[in-house]
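Each remark here refers to the structure printed beneath this line.
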Amino acid sequence: MTTSTDLASLPPADHPDSCGCHDGATVTRRSFMGLVGAGTAALGVSSLGARMAFATPEAPSTGDVIVVVFMRGGWDGLNVVAPFRMPTYKALRPTIRIKEESEFTDPTGKAGLALNAGGNVAAFPLSGSMALNPGMSHLHQGAWADGKLAVIHAAGMPATESSTRSHFEAEQYWERGTRSLNVSSGFLNRYLSGLTGLDRLSAVGRGSTLQTSLQGPSTAMSMGSISGFGVKGFPDNNKAKTALVGLYRHGPRLLDETGADTLDVVNLLSGLGADPGPQNGAAYGTDDLSRNLREVARLIRGNVGLRAVAVDYGGWDTHSDMGLAEDPGSYMRQHTGAVSQALQAFYTDLGTAMDEVTVVTMSEFGRTIEENGSGGTDHGRGTAMLALGGKIRGGVYGGFPTSIADGPEGDLTVMNDYRQVLSEILKVRCGATNLGAIFPTYTQQSPLGLAVA
């Protein structure tokens, strides 16, 4: 629990530690957490009288829903978006690199997907010098062609603040928005703390535990699935509420702080009705990212008041056997292809509602520039970020090294602070006014221009 009042600090119950699940009569503080099915790994304190106001996406003035997809494991940005024409890139990655069209008799499905200006994509300085992994055709033909996909390369936390290559440390720093040990809450939670008129389902973390980025005093709920969210063991919510109300002699504090939120959301989600399925011809894959984004799209369409969502997608610690980028069966190509399909399906599914939704990807660090002897890459520094939304201006943003051979310790130099990207999205699209509190050790920089008001 990461609430203002932890369960362990509440007064002891009068009755024995027995859940009484069969008749819904009694429940203890210890058993309560076992009863919440795929439910509330973290909840902030809120008033029992508060109810959903259904703020988005019908009221654009309230700001976008921000969906943060964390690529856990260290996303190899140079195999997601590559400077595929750069001689030093070719020299340091002779096998696993993304290749140019001229290297194949028939480049279809093999060469990198060049990121060029033109059509709906406005001019940008790195036009034609970067390419998506050839497995990312869904995004290339969809959101990129629509001018709604932005790429920010050589992104990360500057070495002046942290150069760690520890997964755990780096994830904590990124999700807290700072390396400072004095900050324990997540940057998304602090963003929510600066907003007014939030609803009980303003923030959701997809999974069994709540992501660090959402932890803090503002209400946030972890959710494994819409259909699985609830309180197990009770025939109906009224009996569950009766049991929770009687938990403590000093009154319904647990209900007020945790149970009411949970039961309200159970009722809210049941009001969504049957799942109508993806809209607008969207075709999700069968992987976890697709499953999660499909459910997030359903919540957004349901007008439950969402403002922030955190989604995880792992499998990026690619020390070996990444495979050839031109091989459709290779690990890295299939994994990046799954990301491409999931993001594009989400974009298609929401249709015009994407004008009030922004998706941004991040990872704890990138990989070494040079491939290792096992056909993979090791922990590095700079990586690539993607931003996707109806009010995102397509293109490649920020600085990029003229030669990637001079990075520190064989890494891609961090030239773009990841908080510059998030700050722009949170301010321009999400209505944040407390950027200094959201990123307390970051000196605000000029916006990159990727978000449109």
**Prompt:** Quick one: which of 154-164, 344-354, 67-77 comes out on top by average Cβ neighbours within 10 Å, and what's the full order, highest first?
**Reply:** 67-77, 344-354, 154-164
**Fill in**
Expected vector for the range 124-139, Karplus 3J(HN,Hα) from phi with 6.51, -1.76, 1.60 and θ = phi - 60°, integer Hz, x for Gly and Pro, equals 8, x, 9, 4, x, 9, 10, 8, 6, 3, x, x, 9, 5, 4, 5
**Item:** Over the range 259-414 - Rg/Rh using Cα atoms and the Kirkwood inverse-distance radius
**Value:** 1.05
**Message:** Within the range 288-328, what whole-number % of the accessible surface is contributed by carbon and sulfur, with the 1.4 Å probe and all protein chains included in the calculation?
**Reply:** 44
**By average C-beta atoms within 10 angstrom, highest first, the peptides 199-206, 126-133, 328-335** = 199-206, 126-133, 328-335
**Prompt:** Per residue, how many Å² of accessible area does the range 303-453 show with a 1.4 Å probe?
**Reply:** 31
**Item:** Length gained when the stretch N280-A453 is fully extended (0.36 nm per residue, less Cα-Cα span)
**Value:** 59.7 nm
**Asked** Any idea how far apart R291 and Q141 come out in nm if each label point goes 7 Å out from Cα toward Cβ?
**Response** 2.7
**Asked** What distance in nm separates the simple spin-label points at E103 and T443, each placed 7 Å from Cα in the Cβ direction?
**Response** 4.0
**Asked** Per residue, how much accessible area does the range 86-223 show when a 1.4 Å probe rolls over the protein heavy atoms, in square angstrom?
**Response** 37
**Prompt:** Could the peptides 188-198, 173-183 be put in order, highest first, of the mean number of other beta-carbon atoms found within 10 Å of their residues?
**Reply:** 188-198, 173-183
**Carbon + sulfur, % of accessible area of the range 72-184 - ligands and nucleic acids excluded, 1.4 Å** = 53
**Asked** Based on Cα positions only, what radius of gyration and what Dmax would you give for the range 392-453, in angstroms?
**Response** 13.8, 40
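The values are calculated or read from the model by the stated rules, or taken from the named source; none is laboratory data. Just so you know, these numbers come straight off a predicted model, no measurement behind them. Every residue, glycine as well, gets a Cβ built from its backbone with ideal geometry; the counts of neighbours run over all protein chains shown. Calculation scope for accessible area: heavy atoms of the full protein, side chains included, ligands and nucleic acids excluded. Shrake-Rupley method; radii C 1.70, N 1.55, O 1.52, S 1.80 Å.
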